[in-house]
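Read the structure below first, then the notes.
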Amino acid sequence: MEISAVIITFNEERNIARCINSLKGVADEVVVVDSFSTDGTERIARGLGARFVQHKFEGHIEQKNWAITQATHAWVLSVDADEALDEALLSSILAVKQGSPQADGYTMNRLTNYCGTWVRHGGWYPDTKLRLWDSRKGQWAGTNPHDRYELEAGTRTAHLRGDLLHFSYHSISDHVRQADYFTTIAAKALHARGKHGGMLKLLFSPVAKFLGGYVLRGGWRDGFHGFVIARISAHATFLKYAKLRQLWREQQ
């Protein structure tokens, strides 16, 4: 069993070294598919032995599906540039690799670091992801920017011990900026599918988002950052439907 680790990037000089270094010993090759970064991403990735390919970004799902075609090996480990394997997850993947795969895909828990705080509540953990799979048996799907990998019917998955560490936001401002960016993408994707942003969704979905994350899923247990996450997430829900509503108004 040989594994290609595949990473998509754009201006990730802050994260890419940590990501690639965490893959040592488990990845037989590291492929970085970059959408024309203007920082030091290419220099760092090549310096750490990764194969560096550039491709125009047309959406998260589209970019990740194209990136798979650049992998030499059928088994793909997909990681984002701001993620890294912890020691337990590294050992779990090595155990699968050194034995014989008992499944067509493997899920793992993702643990997020938010402004220096490891977030374990509010729906942010375990945040299970399917990230190791036989690429001949599935593809990336979902609605941009929320991609997910889907295996074919009849395939089998198993769960790996350990965490995929996600170094998400270094500041609250980072979170606010990304919320604005992602909600624009999400609104356009919903509009393309004929979805409407009615007033009821605009009014009540943000409230439900806040209460669901902060109260029902225990976001309050993560202290100040737990409250900030719930508040920005609620605002992002409002922005998504407000932007969707604006798109329909512009069309009319």
- prompt: Any idea which of Ser78, Ser91, Ser100 is of a type in the set (Ser, Thr, Tyr), closer than 18 Å to Arg148 by Cβ and in contact (Cβ under 8 Å) with a residue 60 or more places away in the chain?
  reply: Ser78
- line: Checked segment 104-117 for anything among the polar types (S, T, N, Q) and either touching a Phe, Trp or Tyr at 6+ places or on another chain (Cβ under 9 Å) or assigned to a loop (DSSP other than H, G, I, E, B) (or both); matches are Asn109, Thr112, Asn113, Thr117
message: Quick check on this structure: which one of Ser78, Ser92 is touching a strand residue (DSSP E or B) at 6+ places or on another chain (Cβ under 9 Å), surrounded by 22 or more Cβ atoms within 10 Å (Cβ to Cβ) and not hydrophobic (A, V, I, L, M, F, W, C)?
response: Ser78
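Just need a number here: residues in segment 174-190 that are buried (at least 17 other Cβ atoms within 10 Å of the Cβ) and either under 16 Å from Glu58 (Cβ atoms) or within 17 Å of the chain's Cα centre (by Cα) (or both).
7
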- request: Among the residues of segment 1-38, count how many are outside any strand (DSSP E or B), closer than 14 Å to His73 by Cα and of a type in the set (Gly, Ala, Ser).
  value: 1
Within segment 57-75, tally of residues that are of a type in the set (D, E, K, R) and crowded, with 16+ Cβ neighbours inside 10 Å: 1
query: Applying the selection to segment 39-56, what residues are surrounded by 16 or more Cβ atoms within 10 Å (Cβ to Cβ) and over 20 Å from Val76 (Cβ atoms)?
result: Thr41, Glu42, Ile44
query: Residues of segment 72-103 being over 19 Å from the mean Cα position of the chain (by Cα) and not in a helix (DSSP H, G or I), which ones?
result: Thr72, His73, Ala74, Gly99, Ser100, Pro101, Gln102, Ala103
field: Criterion: of a type outside the set (D, E, K, R), in a strand (DSSP E or B) and surrounded by fewer than 16 Cβ atoms within 10 Å (Cβ to Cβ) - qualifying residue of His196, His159, His166
entry: His159
- request: From the list Arg193, Arg245, Arg249, Arg231, pick out the single residue that is under 29 Å from Leu130 (Cβ atoms) and not aliphatic (A, V, I, L, M).
  value: Arg193
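For the condition at pLDDT 95 or above and under 19 Å from the mean Cα position of the chain (by Cα), what is the one hit in Phe167, Phe224, Phe210?
Phe167
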field: Index of the failed condition, Val228 passing every other in (1) under 29 Å from Glu58 (Cα atoms); (2) touching a residue at least 40 places away in the same chain (Cβ under 8 Å)
entry: (1)
field: Given (1) at pLDDT 95 or above; (2) under 29 Å from Asn15 (Cβ atoms), number of the condition Ala141 does not satisfy
entry: (1)
message: Kindly evaluate Leu111 against the criterion of being surrounded by 17 or more Cβ atoms within 10 Å (Cβ to Cβ), under 19 Å from Ser233 (Cβ atoms), under 13 Å from the mean Cα position of the chain (by Cα) and among the aliphatic types (A, V, I, L, M).
response: yes
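The values are calculated or read from the model by the stated rules, or taken from the named source; none is laboratory data. Here the structure is a predicted model, which is why all the values come from computation and not from measurement. Cβ coordinates were reconstructed from backbone atoms using ideal geometry, including for glycine residues, and neighbour counts include every protein chain displayed.
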